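**Student:** Handing you a structure now.
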Amino acid sequence: MNKKRLGLNTFTGFLNIVGCLVSIALIFIASAAIINKTPVPSYVHIINYVIIIILLVFNIWSMTKSKSNNISIIGHILGIAGSLVLLINLSIGIILLIVSAIFLFIQKNHK
């Protein structure tokens, strides 16, 4: 059964955007700590890792559902890459997740 749109893809795109916003907030929290010459709170790193795990799980899960419903998986691949890049470079990871969310909202059928 091939569906035209999956709610899981839309939800995963929404999660990618929320992950971006939380990562931006974590950047401001860490920057404020550095400016005040205090240690960066440990919860910043924990929240970042939890977000990365959640994004990876949802992007992989929705990618398998999209494959079975013949929907393009480029948004999921960008989401997985963006989640992994968040470990190394937040700014590039955020850009990849935003582009991923756009592709996830489009949900073009794979030909």
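**Student:** In whole percent, what relative contact order does the chain give with Cα contacts below 8 Å and a gap of six or more residues?
**Tutor:** 36
**Student:** While we're here: Choose one answer from T12, T64, T38: the residue with the largest mean-square fluctuation in a GNM of the chain with alpha-carbon springs under 10 Å.
**Tutor:** Looking only at T12, T64, T38, the biggest GNM fluctuation is shown by T38.
**Student:** Identify the trypsin sites (Lys or Arg not before Pro) of the range 1-59 meeting these criteria: DSSP loop state and at most 11 other C-beta atoms within 10 Å of the C-beta.
**Tutor:** Sites meeting the loop and neighbour criteria: K4, K37.
**Student:** To the nearest 10 degrees, how steeply does helix 74-85 sit against the main Cα axis of the chain, on a 0 to 90 scale?
**Tutor:** Tilt relative to the chain: about 20 degrees.
**Student:** Additional query: Quick one: 3J(HN,Hα) in Hz for the range 57-72, Karplus 6.51/-1.76/1.60 with θ = phi - 60°, rounded, Gly and Pro as x.
**Tutor:** My calculation for the range 57-72 gives 4, 5, 5, 5, 4, 6, 5, 5, 5, 5, 4, 6, 9, 6, 10, 4 Hz in order.
**Student:** So, one more: Using only C-alpha positions, report the orientation-averaged shadow area of the convex hull of the chain, nm², one decimal.
**Tutor:** 6.4
**Student:** A further question on this structure: What angle, in degrees between 0 and 90 and rounded to the nearest 10, separates the Cα long axis of helix 90-106 from the longest principal axis of the Cα atoms of the chain?
**Tutor:** 20
A short reminder: the numbers here are calculations on the coordinates, not readings from a lab. Because the structure is predicted, anything quoted here is derived from the model rather than measured. Note that we place each Cβ from the backbone using ideal geometry, even for glycine, and neighbour counts take in every protein chain shown.
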